[in-house]
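Student: Quick one: the structure is below, questions incoming.
Every number here is computed from the coordinates shown, using simple stated rules; none is lab data. Just so you know, these numbers come straight off a predicted model, no measurement behind them. Backbone-built Cβ (ideal geometry, glycine too); neighbour counts: all protein chains shown.
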Amino acid sequence: MENETTHGGPVRVLVTGFEPFGGSPVNPSMLVAGSLAERRWSGAAVRAALLPVVGGTGRGSARRRLDDAIAAHRPDVRLMLGEAHVRGAVSVERVAVNVRDYRSADNAGVTVRAAPVVAGAADRLPAALPVDDVLAAARATGVPAECSADAGTFLRNEVMFHALERRVRVGVPAFAGFIHLPQLPEQFALRPVDAPPMPAEDAERAVAAIAGRLAGLCVRARGAQKGA
């Protein structure tokens, strides 16, 4: 079982992104996650993990890769990123649903119809984030940002629900949530949609503000515990 072991040290932040899918050679979430892990952070240790676009719980699945990253880094904050090419703003998800229903195949060629993410778990789980607070932090960077009612029923939702259900069972980390990013300009050139694209640098700036805000809240909570 996990336990909080990071008090006194830097706040540990795990940022995950997904591999390319749907015929695109790139995924903005993988670029942003990797760039954030390369930054110098004050009071935080940020690590990145790349998740395969493969559902289920088997070896090589996104959930298995996420669990491995959690075991390796024991994060206080889990920020999971994914691509939503039909959106034009950084989207903070409010809810994950206990449904796997993807009719477009994952990268293993698998489709799923109306299956649970975790059998017997709740139908819906709210993000373990102060959504309005982190949304304000993102918007303060000048990058378009919005909240979204739920993360859909594809791999992004599956990973979000898995992480939140695990948090309910284990009791950590302090924060866990999912953020969708618009497609990149180079992707937009190949598959134009009504929503405008977003450069990776802009998406990174917004997500960095969110990560910094959550790390600051963790530091504040530690201080309150020490003073109690």
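Student: Near the amide H of residue 176, under 5 Å away, which other amide H atoms are found, from residues 5 or more places off or on another chain, if H is placed in the peptide plane?
Tutor: Amide H neighbours of residue 176, under 5 Å, 5+ apart: 78, 128, 129.
Student: Once you have all Cα-Cα distances for segment 126-175, histogram them in 5 Å bins from zero and send the whole-percent values.
Tutor: In order of increasing distance, the bins hold 4, 18, 22, 21, 21, 11, 3, 0 percent.
Student: For segment 71-200, list log₁₀ I(q)/I(0) at each q in 0.09, 0.12, 0.13 Å⁻¹, using the Debye formula over Cα point scatterers of equal strength and ignoring solvent, two decimals each.
Tutor: -0.28, -0.50, -0.58
Student: Can you compute log10 of I(q)/I(0) for segment 16-151 with the Debye formula, treating each Cα as one identical point scatterer, at q = 0.19 Å⁻¹?
Tutor: Those come out to -1.47, one per q.
Student: In µm²/s, what is D for the chain at 20 °C and 1.002 mPa s, where D = kT/(6 pi eta Rh) by Stokes-Einstein and Rh is the Kirkwood radius from Cα pairs? All intermediate terms of the calculation are to be shown ahead of the outcome.
Tutor: Numbers: Rh = 17.6 Å.
Here the translational diffusion coefficient equals 122 µm²/s.
Student: Whole angstrom only: what separates the Cα centroid of segment 163-214 from the Cα centroid of segment 26-67?
Tutor: The distance from the Cα centre of segment 163-214 to that of segment 26-67 comes to 11 Å.
Student: Just going by the charge dipole of the chain, with Lys and Arg at +1 and Asp and Glu at -1 on Cβ, which of 163, 149, 28 is farthest out on the positive end?
Tutor: The residue sitting farthest along the positive end of the dipole is 163.
Student: How many Å³ per residue does the convex hull of the Cα positions in segment 37-94 occupy?
Tutor: Details: hull volume 8.0 nm³, N = 58.
Taking only Cα atoms, segment 37-94 has a hull volume of 139 Å³ per residue.
Student: Rank 218, 206, 195 by how far each Cα sits towards the positive end of the charge dipole of segment 179-228 (+1 on Lys, Arg Cβ; -1 on Asp, Glu Cβ) and give me just the farthest.
Tutor: Comparing the listed Cα positions along the dipole, 218 ranks first.
Student: Still on this structure, please answer the following. Please quote Rg/Rh for segment 93-147 to two decimal places, taking the Kirkwood radius as Rh and restricting both calculations to Cα atoms. Present the calculation step by step, with values, prior to reporting the outcome.
Tutor: Working: Rg = 15.6 Å, Rh = 13.7 Å.
For segment 93-147, the value is 1.14.
Student: List, in order, the whole-Hz ³J(HN,Hα) value for each residue of segment 129-136 obtained from phi through the Karplus relation with A = 6.51, B = -1.76, C = 1.60 and θ = phi - 60°; use x for Gly and Pro.
Tutor: Couplings: 9, x, 4, 5, 5, 6, 5, 5 Hz.
Student: Could you give me the ³J(HN,Hα) list for segment 75-90, computed from phi with Karplus coefficients 6.51, -1.76, 1.60 and θ = phi - 60°, whole Hz, x at Gly and Pro?
Tutor: x, 7, 10, 10, 10, 9, 10, x, 9, 10, 6, 8, 10, x, 9, 5
Student: Under a GNM of the chain (C-alpha, springs under 10 Å), which listed residue has the highest mean-square fluctuation: 110, 11, 159?
Tutor: Among 110, 11, 159, the largest GNM mean-square fluctuation belongs to 110.
Student: Using mean Cβ contacts within 10 Å as the protection proxy, how do 126-136, 33-43 order, highest first?
Tutor: Details: 126-136: 18.0, 33-43: 14.5.
With the highest mean Cβ count within 10 Å placed first, the list reads 126-136, 33-43.
Student: Okay, moving on. When the dipole is taken about the Cα centre of the chain, and only Lys, Arg (+1) and Asp, Glu (-1) are charged at their Cβ, what size is it in debye, to the nearest 20? Provide the component values of the computation, followed by the final result.
Tutor: On the way: 27 positive and 23 negative charges, 126 e Å.
With Lys and Arg at +1 and Asp and Glu at -1, about 600 debye.
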